[in-house]
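What follows is a set of notes on a single structure, which appears directly below.
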Amino acid sequence: MPILTKRDGHVEIVTVDFPPVNALPVQGWFDLAAAVRAAGEDPDVHVVVLRAEGRGFNAGVDIKEIQRTAGYEALVGANKGCYAAFGAVYDCAVPVVAAVHGFCLGGGIGLVGNADVVIASEDATFGVPEVERGALGAATHLARLVPQHLMRTLYFTARTITAGELHSFGSVYQVVPHEQLDESALAVARDIAAKDPRVIRAAKEALNGIDTQHVHRSYRFEQGFTFELNLLGASDEAREEFLNGR
């Protein structure tokens with residue numbers, strides 16, 4: 001199973017494993033959403049750790065799946081799947097700790113930006129290459145990681161930013177050697193899990209309630225422009241250029 005779950009005391013570990021680069025197909029996004037949502041609904045789970053196997057944390061959507069599917073079915077599915085997965089992380093009834101290694105791109109930013117705590121390995125880089133793929137999206141979540149003007153610069157240039165740089169902004173809690181990533185994420189998760197779960201669940205709901213950024217609405221607004229770009233043909237051209245370039 002590409003989405004794996006394992007229990008460590010009161011911590012649910014959700015692992016993404018879609019070789020070679022963790023670019024998730026449509027069903028993968030929905031499966032990830034279901035796993036995170038189910039963990040939050042389990043009263044025995046106090047914290048969720050979201051991690052990945054392989055070369056990087058997440059490379060976004062599976063562009064090959066979109067290009068080999070006639071019409072807009074895969075595109076619509078990817079948009080809905082991302083919306084579901086990002087929302088599942090944000091709305092999860094318990095805190096979500098993201099353990100990030102390697103590349104975290106596009107949809108990965110959506111997951112990490114909506115997480116409650118981010119632990120990253122020293123080799124982790126973060127970015128939203130959407131403008132080079134003829135799409136828009138995840139600026140909502142990138143804006144939760146960096147200041148506004150830096151977000152715009154990163155978005156327009158499709159450049160990446162390091163875990164160390166994000167740590168300086170406070171959006172990454174810890175930067176650790178790769179081999180210490182899982183244990184470091186679990187250490188934070190166990191610390192939270194040791195608290196009264198009634199209080200932690202209430203705190204998660206309260207913090208979402210006072211959030212100044214309406215993540216669901218703003219991300220959905222971004223997605224509308226992706227549909228426009230697809231209708232104009234710009235997205236298809238950009239995806240083909242990307243795949244041919246590889």
Check your understanding: Would you say PHE126 is over 24 Å from ARG198 (Cα atoms), in contact with a Cys (Cβ under 8 Å, 6 or more places away or on another chain) and either modelled with pLDDT of 95 or more or surrounded by 24 or more Cβ atoms within 10 Å (Cβ to Cβ) (or both)?
Key -> yes
Practice item. Taking PHE30 as meeting all but one of (1) touching a strand residue (DSSP E or B) at 6+ places or on another chain (Cβ under 7 Å); (2) surrounded by fewer than 21 Cβ atoms within 10 Å (Cβ to Cβ); (3) not charged (D, E, K, R), write down the number of the exception. Key: (1)
Study note, to complete from the structure: Among (1) within 18 Å of ILE13 (Cβ to Cβ); (2) within 20 Å of the chain's Cα centre (by Cα); (3) polar (S, T, N, Q), ASN208 falls short only on (1)
Practice item. Working carefully through the options GLY40, GLY56, find the one that is in contact with a strand residue (DSSP E or B) (Cβ under 9 Å, 6 or more places away or on another chain), under 29 Å from GLU205 (Cα atoms) and of a type in the set (Gly, Ala, Ser). Key: GLY40
Check your understanding: Looking at (1) surrounded by fewer than 24 Cβ atoms within 10 Å (Cβ to Cβ); (2) modelled with pLDDT of 95 or more, which is the only condition GLY71 fails?
Key -> (2)
**Study point:** Pick from the range 33-47, criterion buried (at least 18 other Cβ atoms within 10 Å of the Cβ), without any contact (Cβ under 8 Å) to a residue 60 or more places away in the chain and among the hydrophobic types (A, V, I, L, M, F, W, C), ranking: nearest to ILE66 (Cα to Cα)
**Key:** ALA33
Check your understanding: If a residue has to be out of contact with any Lys or Arg (no Cβ under 8 Å at 6 or more places or on another chain), closer than 23 Å to GLN213 by Cβ, among the β-branched types (Val, Ile, Thr) and at pLDDT 95 or above to count, how many in the range 129-181 make the cut?
Key -> 6
Check your understanding: Residues SER171, SER235, SER218: which one is more than 29 Å from GLU53 (Cβ to Cβ), small (Gly, Ala, Ser) and under 19 Å from the mean Cα position of the chain (by Cα)?
Key -> SER218
Review point. In the range 1-24, what residues are within 15 Å of GLY108 (Cβ to Cβ), of a type in the set (Asp, Glu) and not in a loop (DSSP other than H, G, I, E, B)?
Key: none
**Study point:** Among the residues listed as GLY54, GLY71, the single one being of a type outside the set (Val, Ile, Thr), within 15 Å of ILE3 (Cβ to Cβ) and part of a loop (DSSP other than H, G, I, E, B)
**Key:** GLY54
Check your understanding: Any idea how many residues of the range 220-240 are under 18 Å from LYS64 (Cβ atoms) and loosely packed, with under 13 Cβ neighbours inside 10 Å?
Key -> 1
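The values are calculated or read from the model by the stated rules, or taken from the named source; none is laboratory data. Keep in mind the model is a prediction, meaning the values are calculated, not measured. All Cβ positions, glycine included, derive from the backbone under ideal geometry; neighbour counts span all protein chains shown.
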